[in-house]
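Beneath this line is the structure, given in structure tokens, with notes to follow.
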Amino acid sequence: MKPITIFSTLTIILSLSLFSMSSCTKKDSAEVDPGANPERIAYLQSLYDEFAPIKVDANISHLTERERLMLAKLAEAGKILDNLF
């Protein structure tokens, strides 16, 4: 039995991400309720403000050049998914 490599693991993750992305639709701004409760909006904004972007570091010196390129592509795909959701 062949062990799962980082390449195959990342390929599976990317495939699942693309599958989940294809099953979602983006709401149009016309679908937003203009009479939404301002208190609810303020509460949701306070929850949103609790989160901050972080930088994730990892030692990738043991990876091949091809695996490093794949990680860069996955990061690029992640940024695209952030914009979609």
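The values are calculated or read from the model by the stated rules, or taken from the named source; none is laboratory data. Since we're looking at a predicted model, the values are computed, not measured. Don't worry about glycine lacking a Cβ; one is built from the backbone with ideal geometry, like all the others, and counts go over all protein chains shown.
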Within the set of pairs 6 or more residues apart or between chains, which connect a residue that is touching a residue at least 24 places away in the same chain (Cβ under 8 Å) inside region 57-83 to a residue that is in a loop (DSSP other than H, G, I, E, B) with Cβ atoms less than 7 Å apart?
-> LEU71/ILE60
Does region 19-39 include one or more residues that are among the hydroxyl-bearing types (Ser, Thr, Tyr) and at pLDDT 75 or above?
-> no
Taking the stated definitions as given, is LEU71 at pLDDT 90 or above and either aliphatic (A, V, I, L, M) or in contact with a strand residue (DSSP E or B) (Cβ under 7 Å, 6 or more places away or on another chain) (or both)?
-> yes
